[in-house]
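The values are calculated or read from the model by the stated rules, or taken from the named source; none is laboratory data. Here the structure is a predicted model, which means the values were calculated and not measured. Please note that ligands, DNA and RNA were not included when accessible areas were found on the heavy atoms of the full protein model with its side chains. Shrake-Rupley method; radii C 1.70, N 1.55, O 1.52, S 1.80 Å.
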Amino acid sequence: MTIVDHFMQPEVRPFAIAAVMIVLVGGVEIGSMLIGLSISELLGQTVDLGHDGDSTSVGHVLSWINVGGVPLMICILLALGIFSITGFLIQDAARLLAVALPPTAAGVLAAVITVPLLRSSTRYAARLVPQDESYAVGLSDLVGRTGEVAVGPLDGGLPGRVRVKDVHGNWHMVTASAAPDSPSLPVGASVLLVDRKDGRFIAIAAADELTSSKIL
């Protein structure tokens, strides 16, 4: 049996679908970032992950698996990946011992195992992945900070992304546009975040005295 044949077996179909979704979701996120948008950020704005929902059972579950500690898209990709890998391993082990489990039973078992593994992986990812939001500072605290254009250019067209460090030394990747009277700001340009409007930051070229003291 080839890898493709193994991938297409009915008993592993839920896990194969999860693996395909990783490719599709990851591709959409990468493509959106290349044009200055972020599906992860849009989802984060749509789904309220703030502390106000922590008093509900759903809020407790989301907090327990660290949703909000890392970008929502990272949580989704990690969940799909862990579920897919765990499911394939469960079915492979079941075949070695006897016969493969029914897809529903294997899916439930994989989901149960995925939850604690997802919590551990998101806690580790939180130390590695730049975030738009953190519990240390609010987005408004980034106004007045200098950063570097990571996805651009920033001009009158689609917004781009700026990499900026907060006062605590944590990195953030935020959506930004150039100020109306600002020239185009290319990728790699040092910028000053001067305002935040309609969910995005307004940036201008940073003065030399600001960039010379910026820690990259």
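General observations
- In Å², nearest 10: area of D195 left accessible to a 1.4 Å probe: 80 Å²
- Heavy-atom accessible area order for D5, D198, largest first, 1.4 Å probe: D198, D5
- Residue-wise HN-Hα coupling along region 182-196, computed from phi with Karplus coefficients 6.51, -1.76, 1.60 (Hz; x: Gly, Pro): 8, x, 4, 10, x, 4, x, 6, 7, 10, 10, 7, 9, 6, 9
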